[in-house]
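> Before anything else, here's the structure in question.
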Amino acid sequence: QVQLVESGGGLVQAGGSLRLSCAASGATFSSYAMGWFRQAPGKEREFLATINKSAGGTYYADSVRGRFTISRDNEKNTVYLQMSSLKPEDTAVYYCAAARLNRAVAENRYDYWGQGTQVTVSS
């Protein structure tokens, strides 16, 4: 069982930056690939990025590639999402999730989810 807690959300102006954190507990963090998703009001949850168990590989959705960076610190049991050049359309609840397999993109590949953190980008 893995517990995930996101933090770092908030209100930011368009063009600004924000870093989200997701702290994991309850299991060996390095045994899981980690991902970030988001869900805007009235929309389905959207895959953003994933990072391999050893932090040796990352993969991004086209919508955020070049603006968002996923990273992890296995010593601190934490995964991060650095977001820059934020746009109003990035407004959503952001979720981190843990998967047993690397390069997981689909939601159903993820076994554990955090409760989400709100990010609001003003124009």
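The values are calculated or read from the model by the stated rules, or taken from the named source; none is laboratory data. Remember, predicted model here, so these are calculated numbers, not experimental data. Glycine also receives a Cβ, built like all others from the backbone with ideal geometry; neighbour counts cover every protein chain displayed. When the accessible area is computed, the model is the full protein with side chains, heavy atoms only, and any ligands, DNA or RNA have been set aside. Shrake-Rupley method; radii C 1.70, N 1.55, O 1.52, S 1.80 Å.
> Which of the strands (runs of 3 or more DSSP E) found entirely inside segment 1-105 contain at least 2 residues meeting this: open to solvent by less than 50 Å² (accessible area, probe 1.4 Å)?
Because the criterion is at least 2 residues that are open to solvent by less than 50 Å² (accessible area, probe 1.4 Å), the strands (runs of 3 or more DSSP E) in segment 1-105 that meet it are 3-7, 10-13, 18-25, 33-39, 46-51, 68-73, 78-83, 92-99.
> If the Cβ limit is 8 Å and pairs must be 6+ apart or interchain, which residue in segment 20-48 that is at positive phi pairs with which residue that is part of a loop (DSSP other than H, G, I, E, B) and surrounded by 12 or more Cβ atoms within 10 Å (Cβ to Cβ)?
Gly26/Val2
> I would also like to ask the following. Which residue pairs have Cβ atoms under 8 Å apart, sit 6 or more places apart or on different chains, and have a first residue in segment 86-111 that is touching a residue at least 60 places away in the same chain (Cβ under 8 Å) and a second that is open to solvent by less than 60 Å² (accessible area, probe 1.4 Å) and acidic (Asp, Glu)?
Tyr94/Glu6; Tyr95/Glu6; Cys96/Glu6
> Turning to a different aspect of this structure: For the list (1) closer than 21 Å to Ser123 by Cβ; (2) modelled with pLDDT of 95 or more; (3) among the hydroxyl-bearing types (Ser, Thr, Tyr), I need the number of the one condition that Tyr80 fails.
Unmet condition: (1).
> Right, another one. I need the full set of residues from segment 49-79 which are of a type in the set (Asp, Glu) and under 22 Å from Leu101 (Cβ atoms), in order please.
Of everything in segment 49-79, those that are of a type in the set (Asp, Glu) and under 22 Å from Leu101 (Cβ atoms) turn out to be Asp62, Asp73.
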